[in-house]
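Report on the following structure.
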């Protein structure tokens, strides 16, 4: 089977790989808190490259997270554009609750736009996907493609991740299965770290994403690898990280 074009890899990467990017935590009386930050990852797919930029900052009584992925170098000859995703959420007892999510994808062959709000008092998700109005009743907690990463990191900071999370992935809901795979030394452009491995995989999918997370950075993933049918398809390494002043 031939490898898909770079844009498909980058789209999958944006959807699932760093759907689990973390932030550094600060001890608090009750639970460790998320720390505003900015980070950048170098992405390598075969000989082609890309870049992922993430940022978390205070917003209202919670946070706003922005994730942007774009091709670089030779990859831009195949496809120009970017995937820009934003999420607003707050920390509640037991985890993260998103209130608003927007995605603008000009990188994929099928460009998509989505903007939705979460009404937890009514257990309802509503908004638009490609200009089509949607309204969906929710059965339990659902995370958007950005907020889910902070839910996972919140759980790791507070004793351990759950085994399953439900993801709203623009046009469908997915159940992600999460498991721990031990520790190892990891070398990245941002430095050398002792990291713990966390894997996630959607039900009925052959794609497995592994995140190597560093405890002293609040379980920030410093290395991300994606395998499909046992073969390494993508690798992303942390290149820069900085806490932001609040």
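The ellipsoid that matches the Cα gyration tensor of the stretch 6-239 has semi-axes, each √(5λ) in whole angstrom, of 25, 23, 16, with the longest given first. Fully extending the segment from residue 205 to residue 183 would add 5.4 nm, taking 0.36 nm per residue of separation and subtracting the current Cα-Cα distance. Need one number for the stretch 40-158: average projected area of the convex hull over its C-alpha atoms, nm². Approximately 8.9 nm², given one-decimal rounding.
Estimated at 0.36 nm per residue, the fully extended path between residue 80 and residue 113 surpasses their Cα-Cα distance by 10.2 nm. Between the stretch 185-246 and the stretch 44-62, the C-alpha centres lie 13 angstrom from each other.
FYI, it's all coordinate maths here, none of it is from the lab. As the structure is a computational prediction, the values presented were derived from the model and not from experiment.
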